[in-house]
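What follows is a single structure, written as structure tokens, with notes after it.
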């Protein structure tokens, strides 16, 4: 029987707690995929070219998917309409860059980058504004109702696509790269496209900024805590609904940015661009662990690399390669690469 | 005119189709420790969650400092209730396991944006109560033992001054030495005039801390009075608490 006394707090003498060790295995898997592809491809220059293309594609997918994984983590909202923000971003870019044709046609790299960054900013603003309306009108009435979320957000994307057709037309619109971003750098025998390097740089910048925001700011702390236990965050006195709206808008803006980058990567846009990318981003957030930003990052890179390697080695398998990757990873880690605790 | 900090009158709570609280009347006097006792399933946790607005009050009123915070006079949202100065430590502790001890504390301190802005004097006092938290300050909370997590849960609730602490079964599953730490901490808080509503099944802890006691059964308060009176009256203990009396000692 316990006897309650007023003795001074006893030293708790805890057993040595191991300092949290970073889980390197998913990163090692990324390295293993890179290394395994090298002998299979045979040519080092082709391997470098494919790897840079895969990393660029992966980082673009990461930019698009990072907001979606946080939205799911924070509020359990399955937003199948995320693709509409991608499509809007890409189409806004066609208009902005079309309107800055003298900048994109210029030989000056600065003017080219100016046009690209202007398109990105306007696309992010437009996608963010659409995200605000989307959350208010479509998502808010179905909080906690997963089946309805799937149906209504998919419906929202279909409506969005049709509106895009009304504004920009139903046909494919070219989105050519500005003059100075065309072509490749040749390193040894490897050819590395200039735009892919830019995509890698922007992707890494977004990743670093996201990590900084999530780990070094109070808002980031609230988001990470909210992903684990939103009820407790509310019990501490924070309005998580407002936080969620902020994350939803930021995630939509990032999807808009990703749309511009994806459109430039493909050098054309179609109204169905969002639906096309949707499958990839859901694979990524499932692989990464729902709600995990680092998992989303590693998952996106795996998906980008796998798509490029299989596209070269076995084009017929390429369509299924990412589904196969997802199945393999879920067999290894059923909650994803970096599962979020308490989910 | 009342010196009750928290007052529940005829509170009913439904969780989905289930009717859990059937007209709870409970007064929590300011500056005292009120123990909420009762068998498993009596409605103790639901009462705390209803006060916090985590379950809406379907009938009756909940008042904090005379101001309605739940019920027919208006249901406030949980964050607004917390901002009135009420801290809640749930039975499951609600620790953010992926965050460090430091991050958990920064989050609980609404006025601090980063660790450097925490009140160092108060932090030292907390470290005095729970030395393990200082030792593992930069460790992920998920790596702490059960007792250390409970300390962190309580520390989070007191990282800034709060008028009312709602604490749900803090001694559950803890070693006696850690329970003594918690009792000491609650005594110091009481000495600082903090009001505590404590759900507890450990009668010894209840006896050591409680000024007032309310006993629940089947979603109602079946006894309310002084803790000393209940502690001295074994017949009453058996009548109110039955076999659960020694269950968690």
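The values are calculated or read from the model by the stated rules, or taken from the named source; none is laboratory data. On a predicted model such as this, the values are computed, not experimentally measured, just so you know. Cβ atoms come from the backbone with ideal geometry, glycine included; neighbour counts cover every protein chain shown.
Please tell me if residue B:173 is over 21 Å from residue A:215 (Cα atoms), over 17 Å from the mean Cα position of the chain (by Cα), at pLDDT below 90 and more than 8 Å from chain A (Cβ to nearest Cβ).
Numbers: over 21 Å from residue A:215 (Cα atoms): yes; over 17 Å from the mean Cα position of the chain (by Cα): no; at pLDDT below 90: yes; more than 8 Å from chain A (Cβ to nearest Cβ): yes.
So residue B:173 does not fit the description; no.
Of the candidates A:167, A:158, A:150, the single residue that is under 11 Å from residue A:88 (Cβ atoms), surrounded by fewer than 17 Cβ atoms within 10 Å (Cβ to Cβ) and out of contact with any helix residue (DSSP H, G or I) (no Cβ under 7 Å at 6 or more places or on another chain) is A:167. Screening region A:225-243 for residues that are at pLDDT 90 or above, facing chain B (nearest Cβ under 7 Å) and in a helix (DSSP H, G or I) and picking the one that is surrounded by the fewest Cβ atoms within 10 Å (Cβ to Cβ) gives A:231. Which residues, taken from region B:140-150, are at the interface with another protein chain (Cβ under 7 Å from one of its Cβ atoms) and under 20 Å from the mean Cα position of the chain (by Cα)? Within region B:140-150, B:147, B:148 meet the criteria.
Quick one: in region A:147-176, of everything that is in a loop (DSSP other than H, G, I, E, B) and more than 22 Å from the chain's Cα centre (by Cα), which residue is nearest to residue A:102 (Cα to Cα)? Explain how you work it out, then say what you get.
In the first step, residues of region A:147-176 are kept if they are in a loop (DSSP other than H, G, I, E, B); the result is A:169-172, A:175-176.
If we keep only those that are more than 22 Å from the chain's Cα centre (by Cα) as well, we get A:169-172, A:176.
Working: A:169: 24, A:170: 26, A:171: 24, A:172: 22, A:176: 13 Å.
The extreme case among them is A:176.
Restricting attention to region B:156-165 and to residues that are within 12 Å of chain A (Cβ to nearest Cβ) and part of a helix (DSSP H, G or I), the residue that is farthest from the chain's Cα centre (by Cα) turns out to be B:156.
The sole residue among B:85, B:71, B:66, B:94 that is crowded, with 21+ Cβ neighbours inside 10 Å, on the phi > 0 side of the Ramachandran plot and more than 7 Å from chain A (Cβ to nearest Cβ) is B:71.
Residues in region B:129-139 that are within 21 Å of the chain's Cα centre (by Cα) and facing another protein chain (nearest Cβ under 8 Å): B:129, B:130. Taking the residues in region A:312-322 that are touching a helix residue (DSSP H, G or I) at 6+ places or on another chain (Cβ under 7 Å) and without any contact (Cβ under 8 Å) to a residue 60 or more places away in the chain as candidates, determine which candidate is surrounded by the fewest Cβ atoms within 10 Å (Cβ to Cβ). Applying the filter and picking the extreme gives A:317.
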